[in-house]
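The values are calculated or read from the model by the stated rules, or taken from the named source; none is laboratory data. It should be emphasised that the depicted structure is a prediction, and the values quoted were computed from it without experimental measurement. When we count neighbours, we look across all protein chains shown, and the Cβ atoms used for this are built from the backbone with ideal geometry, even at glycine. Protein only, heavy atoms only, side chains kept; ligands, DNA and RNA dropped before computing areas. Shrake-Rupley method; radii C 1.70, N 1.55, O 1.52, S 1.80 Å.
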Amino acid sequence: MGEILIRGAEVVVTMDGTRRELKGADLLLRDGQIAAVGPGLESTGEVVEAKGCVVTPGLVNTHHHLYQTLTRAVPGGQDALLFGWLQTLYPIWAKMGPEEIRVSAQVGLAELALTGCTTSSDHLYMYPNGARLEDTIHAAAELGLRFHPTRGAMSIGESDGGLPPDSLVEREDAILNDCIRVVDAFHDAGEGSMCRVGIAPCSPFSVSRELMRDAALLARDKGVMLHTHLAENDEDISYSLEQFGCRPGQYAEDLGWTGEDVWHAHCVKLDAGEIDLFARTKTGVAHCPCSNCRLGSGIAPVRQMRDAGVKVALGVDGSASNDAGSLIGEARMAMLLQRVQNGADAMAAREALEIATLGGAQVLGRPDCGVLAPGKRADVAIWDVSGLEAAGAWDPVAALVLCGTPKVKHLFVEGRQVVRDGQVVTIDLPRVIETQNRLAAKLMG
Ligand SMILES: [Zn+2]
């Protein structure tokens, strides 16, 4: 791979140790890495003009259910609370198969790419009609995003007193065997890895205590990360107290679900003791502000978590509970919600941007990403701030979060261009959207 010189940016936001912002700087990409950052760089390779643009590290999405892009704005789920919402959607999801999983993943990932995301995780916890985790892995590879798919699972179906229909749950031995299969086949632990697989039972109330414990043992044995939903809303806490006799943090700790190789989605209802537990154990949090609003779950105590030293990242969450997938939009919402809860000085635009980039890389265990500095991976978002959304803005960096939700002009992942002049260039996106709409129509019928 040759060199790419990103030249003459209005400002380069490095997210390095001192959070330097370099005015009028260039960025040189070589062999998938950042070779240099600073003014007056030269190259004989391709030149990308960045005049009027803010350059940031690529954003990192730490929670999604990509298949749900096929069930956005479903009438019965628009205003339902979590359990009713799930019961409306489960029968629709049960009709999906490999094509639905692959196409919906491309749609969700393309949407992320256009809103600045270079690395995304996904939480796929049902495998109907022959669907497999690799349906999403192939989709991400084609598009060119760095991908952290997690092998999710549900094992307690309706006939065992659970919520999902029996057709969407799996036997626990089969779940563990498939976790081993996908880790062995697709997980790359190396620096610059484009695919890292995690293990991710759907939630403490959709699998047994034994599976939670065995999943943690397996993940440690394989050296992969653990992910699930935790403490999402009040019902979640009540369920934990009634069924397990303890709060979610205690349950997680007892079963091996804390540590720097674990990240939990939502954590809206963590109490002070749990925040302390997460900080002490370096357990990460995927904060999903729009989804929490959409389902009326509440405002996660992000200010308190950050002050205590908890690693916090952003997630758009699945498109059945957002239903948008704008990652820069989540940064804006995270900032606004902390201000609703704690006052106007509770979170600056720059802190929201840091959570969206560096924060995500830290939660996913990627010291090679999230920073624009020599030796880091060449994951770069280039935002045009000369247009309508930021017209008249005095501070182009803060404008990314404070002004109207922007889309990227260019996006590079591992030095490869995924978005050029606002268009995805790695896949035929109009055709993918057409297929997606055909598949959605079939699910409606
Ligand atoms: Zn979720």
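Using a probe of 1.4 angstrom and keeping all protein chains present, the accessible surface of segment 277-383 works out to 27 square angstrom per residue.
Shown here are the Rg and Dmax of the Cα trace of the chain, at 20.8, 67 Å.
When only the Cβ of Lys, Arg, Asp and Glu is charged (+1, +1, -1, -1), the dipole of segment 72-224 relative to its Cα centre reaches about 240 debye.
Selection among 37, 12, 89 by position relative to the dipole of segment 1-143 gives 89 as farthest towards the positive end (Cβ unit charges, Cα centre). Between 137, 275, 433, the GNM of the chain built on Cα springs shorter than 10 angstrom shows 433 fluctuating the most.
Test of understanding: in a Gaussian network model of the chain with alpha carbons linked when under 10 Å, which of 110, 356, 348 would top the mean-square fluctuation ranking? Evaluated over the chain, the most mobile residue of the options is 348.
The C-alpha atoms of the chain define a longest principal axis, and helix 209-222 lies at about 40 degrees to it. Where only DSSP H runs of four or more residues are counted, the chain gives -10500 deg cm²/dmol as its mean residue ellipticity at 222 nm, each run worth -39500 (n - 2.57). In this simple spin-label approximation, residue 49 and residue 181 carry label points 7 Å from Cα along the Cα→Cβ vector, and these lie 5.2 nm apart. All distinct Cα pairs of segment 122-275 go into the 1/r average, and the inverse of that average, the Kirkwood radius, is 16.0 Å.
Compute a Gaussian network model of the chain, connecting alpha carbons closer than 10 Å, and tell me which residue from 434, 42, 351 fluctuates the most. Maximum among the listed residues: 434. Each listed q (0.11, 0.12, 0.24 Å⁻¹) maps to a log10 I(q)/I(0) for segment 285-376 from the Debye sum over equal C-alpha point scatterers, namely -0.30, -0.35, -1.25. The angle between the Cα long axis of helix 82-93 and the main principal axis of the chain comes to about 90°, on a 0 to 90 degree scale. Just so you know, the Rg over Rh for segment 26-138 is 1.15, from Cα atoms, with Rh as the Kirkwood radius. For the chain, a simple Cβ point-charge model (Lys and Arg +1, Asp and Glu -1, everything else neutral) yields a dipole of about 680 debye relative to the Cα centre. With contacts taken as Cα pairs under 8 Å at a separation of at least 6 residues, segment 1-148 carries a relative contact order of 21 percent. Averaging the Cα positions of each part gives two centres, and for segment 174-237 and segment 75-127 these lie 18 Å apart. Each of 241, 224, 208 was placed along the dipole of segment 132-255 (beta-carbon charges, centred on the mean Cα), and the one lying farthest toward the positive end is 224. Assuming charge only on the beta carbon of Lys and Arg (+1) and of Asp and Glu (-1), the dipole of segment 307-445 about its Cα centre is about 360 debye to the nearest 20. Amide H contacts of residue 47: 5, each under 5 Å away and 5 or more positions distant or on a separate chain (H built 1.01 Å from N in the peptide plane; Pro and chain starts excluded). Treat segment 402-445 as a sphere of radius equal to its Kirkwood radius over Cα pairs and apply Stokes-Einstein at 10 °C in a medium of 1.306 mPa s; give the translational diffusion coefficient in µm²/s, rounded to a whole number. The diffusion coefficient I find is 126 µm²/s.
By accessible area, using a 1.4 Å probe on protein heavy atoms only, segment 1-148 has 52% of its surface on carbon and sulfur. Of the residues 417, 176, 140, the one whose Cα sits farthest toward the positive end of the charge dipole of the chain, with +1 on the Cβ of Lys and Arg and -1 on the Cβ of Asp and Glu, is 417.
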